[in-house]
Amino acid sequence: MSHPAPPPALVPAPRRALPTAPGRAPVLDADTTIEEPPGTTAAARWLRGTLGPALGLPLPPHHPGSPSRTRVRLALVPALTGELGGPEGYRLETTAHSVTLTAAAEPGLLHAAQTLRQLLGPEAFRRAPVTARRHWPVPAVTLEDGPRFRWRGLMLDVARHFLPKDGVLRYLDLMAAHKLNVLHLHLTDDQGWRIEIRSHPRLTEVGSWRPRTKIGHRASALWEEKPHGGFYTRDDLREIVAYAAARHIAVVPEIDIPGHSQAAIAAYPELGNTDVVDTSALGVWDDWGISPHVLAPTDTTLRFYEEVLEEVLELFPPDAAPFTGFSRFVHIGGDECPKDEWRRSPAAQARIRDLGLDGEDGLQAWFVRHFDDWLTARGRRLIGWDEILEGGLAPGAAVSSWRGYEGGITAARAGHDVVMCPERAVYLDHRQDPGPEEPVPIGFVRTLEDVHRFAPVPPELTEEQAAHVLGAQANVWTEVMEDQGRVDYQAFPRLAAFAEALWSPLPPPAERDFAEFESRMAVHYARLDALGVAYRPPGGPRPWQRRPGVRGRPR
């Protein structure tokens, strides 16, 4: 007597997986076709362009009379929105001669296609066949799946260490493989400006390069004595946004205001507090931490950044990834703004008096409110780090809660939408183990298990308030990540655990079965290997992943 196969080792775990009789296990082969009715083009293109080359199969469109023994059937059924849990939900069903992917909208079909890829084994994650095999069995299974949270994001800091365009596109593919749907790009900071602005070309001519780079934490005595930099052209950014949209991922740009702005001031000294600092002598900062040089509270500064944002809005259109609803957001930072220059500046003090503000803190809030109103008037939504709460926000503004959960709780209680990214829980630059071999150990120990137990919604919120928690994002700050390999090491495998915490219907953190997740990760590591991800192995860093002698800042 045959027995159903066990549920497959999928990451993130699906809402429901029902193994069926082995006789319902189809086999994909050279004759397999894709049945693609209207509205399913994106999923069919992805299957044919990504899965097909890995398996060595053409996967042509299905036509009457096709010799296919097995077909992949794509079904778009908008009436199933409620049943499948929204536009990202899907159903995957197998019969002896078909795999049917059903969704209410395009994002669900693409998630179903990613799940099919996992079902086919690690070889399906390569770019070309690695065996002569041309028959690919699909486990006999019925899956019903959909996300728990709408905003499932990753923040990449490309300002501290520049990640070339191809690296960003690669991370969009890694996000799609883990069913994440928001890429937050941290494009400007003290150490570099990474976005081409046509009206202000010196932002990239000057602001995108620093003369040298600190190796390790800012307390380190080591330097890399060569220029570091780079930026994305306007067409690069259009390509990134389009590539993301094809995977139903929204890209949220961040332009830091009014702190973290030394690179911009180095390019245009008039943006700084010229009455107390010789800003013409400033360069792009070559150290880590928070620069004391901040924007001057002048009308000239406001208009300059309005012109910057006019181009940002053009490059990041509000309807790029319409099913998420998050392409309307623009992040303005708003955090970690030292006030010493404003305290010493007669011009800043006069501005505080003229506007009737509550000191220097009120001046920071004035900056935020100005751009909140400016973006709102253009149909966009401002989002910023939780310091922006201190001056009051327009109703449509949202908060990235990084200093713990408190900012998010305050924002949700005030009726603002929240993206949870508490430093002690989901900052992936923080070290993964207390051991001495961990490379450049920064921050708190946050293990794979810690991240898997992450819960975005604090129990202090009522049901109505909790509805304002859009979801969460994992943040990857790159001060001590000099290249793609270091980013991979810090992000993975923890980003897989984070994706599951946001997607899957997990029990409360204390009740989660981490051992069961580890057993699925044992399979998933082979998928990451096939994708070329330089993750941290479960047993600790490989010799070439270590950074002996490079100082960190463990906490």
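The values are calculated or read from the model by the stated rules, or taken from the named source; none is laboratory data. Just so it is clear, the model here is predicted, and its values are computed rather than measured. Methodologically, a virtual Cβ is constructed for each residue, glycine included, from the backbone with ideal geometry; neighbour enumeration extends over all protein chains shown.
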Exercise. What pairs come up if the first residue lies in region 334-352 and is within 23 Å of ARG403 (Cβ to Cβ) and outside any helix (DSSP H, G or I), the second is small (Gly, Ala, Ser) and at pLDDT 95 or above, and their beta carbons are under 6 Å apart, counting only those six or more places apart or on different chains?
Worked result: GLY334/GLY384; GLU336/GLY259; CYS337/GLY259
For this session: Mind telling me which of the residues ARG328, ARG344, ARG351 ends up being under 30 Å from LYS179 (Cα atoms) and of a type in the set (Lys, Arg)?
Result: ARG328
Exercise. Yes or no: ALA30 crowded, with 18+ Cβ neighbours inside 10 Å and assigned by TED's automatic domain parsing to the domain that holds ALA103?
Worked result: no
For this session: Enumerate the pairs (first residue in region 253-274 and touching a residue at least 60 places away in the same chain (Cβ under 8 Å); second residue anywhere and in a helix (DSSP H, G or I) and acidic (Asp, Glu)) with beta-carbon separation below 6 Å, excluding pairs fewer than 6 apart on the same chain, so at least 6 apart or on different chains.
Result: ASN273/GLU341
Exercise. How many of the residues in region 277-300 are β-branched (Val, Ile, Thr) and out of contact with any Pro (no Cβ under 8 Å at 6 or more places or on another chain)?
Worked result: 3
For this session: Could you look through region 129-157, keep only residues that are touching a Pro at 6+ places or on another chain (Cβ under 9 Å) and over 23 Å from HIS248 (Cα atoms), and pick out the one that is surrounded by the most Cβ atoms within 10 Å (Cβ to Cβ)?
Result: VAL141
Seminar exercise, completed: Of ALA44, ALA75, ALA5, the only residue that is outside any helix (DSSP H, G or I), modelled with pLDDT of 95 or more and not assigned by TED's automatic domain parsing to the domain that holds ALA526 is ALA75
Exercise. What is the one condition in (1) on the phi < 0 side of the Ramachandran plot; (2) surrounded by fewer than 24 Cβ atoms within 10 Å (Cβ to Cβ); (3) under 29 Å from the mean Cα position of the chain (by Cα) that GLY325 does not satisfy?
Worked result: (1)
For this session: Select the strands (runs of 3 or more DSSP E) contained entirely in region 83-191, then report the ones holding at least 2 residues which are more than 30 Å from HIS293 (Cα to Cα).
Result: 90-95, 98-103, 141-145, 151-157
Exercise. Pick from HIS200, HIS135, HIS161: which is in contact (Cβ under 8 Å) with a residue 40 or more places away in the chain, outside the structural domain of SER280 (by TED's automatic domain parsing) and over 13 Å from the mean Cα position of the chain (by Cα)?
Worked result: HIS135
Problem set entry | Boolean, GLY384 is crowded, with 21+ Cβ neighbours inside 10 Å, in the same structural domain as LEU506 (by TED's automatic domain parsing) and free of Cβ contacts under 8 Å to residues at least 40 places away in the same chain | no
For this session: Specify the residue that is surrounded by the most Cβ atoms within 10 Å (Cβ to Cβ); the eligible residues are those in region 186-223 that are touching a strand residue (DSSP E or B) at 6+ places or on another chain (Cβ under 9 Å) and among the polar types (S, T, N, Q).
Result: GLN191
Seminar exercise, completed: Residue pairs qualifying under the 8 Å Cβ cut-off, at least six apart or on distinct chains, with the first in region 111-128 being crowded, with 19+ Cβ neighbours inside 10 Å and the second being at pLDDT below 95 and of a type in the set (Asp, Glu), are none
Exercise. ASP319: more than 30 Å from HIS111 (Cα to Cα) and in the same structural domain as ALA159 (by TED's automatic domain parsing), yes or no?
Worked result: no
For this session: Search region 438-467 for residues that are on the phi < 0 side of the Ramachandran plot and pair each with any residue that is hydroxyl-bearing (Ser, Thr, Tyr) when their beta-carbon atoms are under 6 Å apart and the residues are at least 6 apart or on different chains.
Result: PRO458/TYR405
For this session: Check whether at least one residue in region 176-185 is surrounded by fewer than 23 Cβ atoms within 10 Å (Cβ to Cβ) and out of contact with any helix residue (DSSP H, G or I) (no Cβ under 7 Å at 6 or more places or on another chain), and report yes or no.
Result: no
